[in-house]
Amino acid sequence: MKDDDLYARYHKLAALISVLLHDLRNPLHSATLLVEAMGTRTADVDALRGKLRGQVGKLDGLIGEASDAIKELGLEARIENIAVDDLVRSVAASAPALSGANVAFVVPASMDVRVAVDPTLLIRVVAEIAATIFDRRAKREGTDHASIPLLVDRPDASNVRLLVGDWGLAPDDSAVKAPFAITGGGIRLALARVLSQVAGATLRFEQSPEGKIRYALYLRPAD
C-alpha cells in the first residue's frame with residue numbers, strides 16, 4: 001500500500017509539472033504579443049501595459065496554485081544521526097552511478113563527528129554536483145573522466161562542512177553571479193540546492209580570492 005501511494009504521488013507530481021508548463025505558455029505568448037504591440041505607432045501603451053500586467057498576474061497565479069499542490073505531494077525528509085565517515089563512504093559508493101557521469105570520488109581521512117541529515121537525499125545532491133563538475137571539465141578540457149576529492153572540516157562549532165571538488169577555475173559570469181539558478185549554474189545545481197535544503201543541509205558556492213571555486217555542503221552536527 002505504501003509503494004502504491006509513492007507510485008501515485010510520483011505520477012501526480014509529474015502530471016502537475018506537465019500541466020503547469022503547458023498552461024504557462026498561454027500567458028507568456030499573450031505577453032509577448034502585447035510587448036510587440038507596444039512598439040507600433042498607433043499603440044495605446046497605457047492600455048497595453050494594463051493588459052500586460054494582467055498576463056503577468058495570470059503567471060503568478062498559476063505558479064502559486066501549482067506550488068501549493070506540489071508542497072502537498074512532498075514527503076517528509078528522513079533525517080538521521082549518522083557518522084560523517086559513513087556518510088562520505090556512502091556518497092563515494094553510490095553517487096557516481098546516480099550522476100550518470102564517469103566520475104570517482106577521493107575519500108578524505110577519517111573524522112570522528114556525527115551529523116543530522118537525510119543521507120539518501122544528500123547522496124543525490126552530491127551526484128548532481130559531480131555531474132556538473134564532469135560536464136564543465138569535459139567541455140573545457142575534453143576529458144572523459146573526473147576524479148573529485150571530498151573534504152570534511154569544521155569551519156565553526158555549528159557546522160560540519162563537506163567540500164565537493166577541489167579549487168577549480170570559475171565558470172562563466174552567469175554561473176558565478178547566480179550559481180543555483182537554472183539560467184546560471186544549470187538545472188542540476190538548481191535541483192541540488194533545493195534537495196540539500198530538504199535534506200537538512202545548506203549548499204553554498206564558494207570562491208577564492210584567485211577566482212577559483214568549489215561547492216560546500218554545510219551540515220548540522222548531531223546533538
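Quick check: is even one residue across segment 26-48 within 24 Å of the chain's Cα centre (by Cα), more than 30 Å from Asp223 (Cα to Cα) and surrounded by 13 or more Cβ atoms within 10 Å (Cβ to Cβ)?
no
Any residue at all in segment 41-58 that is within 18 Å of His22 (Cα to Cα), free of Cβ contacts under 8 Å to residues at least 12 places away in the same chain and either part of a helix (DSSP H, G or I) or in the same structural domain as Arg9 (by TED's automatic domain parsing) (or both)? Spell out how you get there, then give the answer.
Here is the first cut: in segment 41-58, the ones within 18 Å of His22 (Cα to Cα) are 55-58.
With the extra rule that they be free of Cβ contacts under 8 Å to residues at least 12 places away in the same chain, the set shrinks to 57.
Applying the additional criterion that residues be either part of a helix (DSSP H, G or I) or in the same structural domain as Arg9 (by TED's automatic domain parsing) (or both) yields 57.
Looking through segment 41-58, at least one residue is within 18 Å of His22 (Cα to Cα), free of Cβ contacts under 8 Å to residues at least 12 places away in the same chain and either part of a helix (DSSP H, G or I) or in the same structural domain as Arg9 (by TED's automatic domain parsing) (or both).
Going through Glu65, Glu80, Glu72 one at a time, which residue ends up being of a type in the set (Asp, Glu) and within 21 Å of the chain's Cα centre (by Cα)?
Every option except Glu72 fails the conditions.
Have a look at Val106, Val84 and point out the one that is within 30 Å of Thr143 (Cα to Cα) and in the same structural domain as Val160 (by TED's automatic domain parsing).
Just a single option satisfies the conditions, and that option is Val106.
Return the residue satisfying two criteria in turn: it lies in segment 135-160 and is of a type in the set (D, E, K, R) and surrounded by 11 or more Cβ atoms within 10 Å (Cβ to Cβ), and of such residues it is modelled with the lowest pLDDT.
Here is the first cut: in segment 135-160, the ones of a type in the set (D, E, K, R) are 135-137, 139-141, 144, 153-154, 156.
Okay, now just the ones that are also surrounded by 11 or more Cβ atoms within 10 Å (Cβ to Cβ), so 135-137, 140, 153-154.
Numbers: Asp135: 90, Arg136: 86, Arg137: 86, Arg140: 82, Asp153: 94, Arg154: 93.
It comes out as Arg140.
Being more than 22 Å from Val84 (Cβ to Cβ) and among the hydrophobic types (A, V, I, L, M, F, W, C) narrows it down to one residue among Ala192, Ala201, Ala181, Ala222; which is it?
Answer to the selection: Ala181.
Given (1) in contact (Cβ under 8 Å) with a residue 60 or more places away in the chain; (2) farther than 23 Å from Gly200 by Cβ, where does Gly142 come up short, assuming only one miss?
All conditions pass for Gly142, except number (1).
So, of the residues in segment 83-98 that are over 16 Å from Leu195 (Cα atoms) and within 19 Å of the chain's Cα centre (by Cα), which turns out to be surrounded by the most Cβ atoms within 10 Å (Cβ to Cβ)?
Ranking the candidates gives Pro96 first.
Sort out for me the strands (runs of 3 or more DSSP E) sitting completely within segment 61-165 that have 2 or more residues that are small (Gly, Ala, Ser).
Where strands (runs of 3 or more DSSP E) fall fully within segment 61-165 and carry at least 2 residues being small (Gly, Ala, Ser), they are 146-156.
Just wondering, is there one or more residues in segment 184-191 that are farther than 22 Å from Ser147 by Cα and in a loop (DSSP other than H, G, I, E, B)?
yes
The values are calculated or read from the model by the stated rules, or taken from the named source; none is laboratory data. Given the structure is predicted, the values throughout are model-derived calculations rather than measurements. Neighbour counts run over all protein chains shown; Cβ positions are idealised from the backbone, glycine included.
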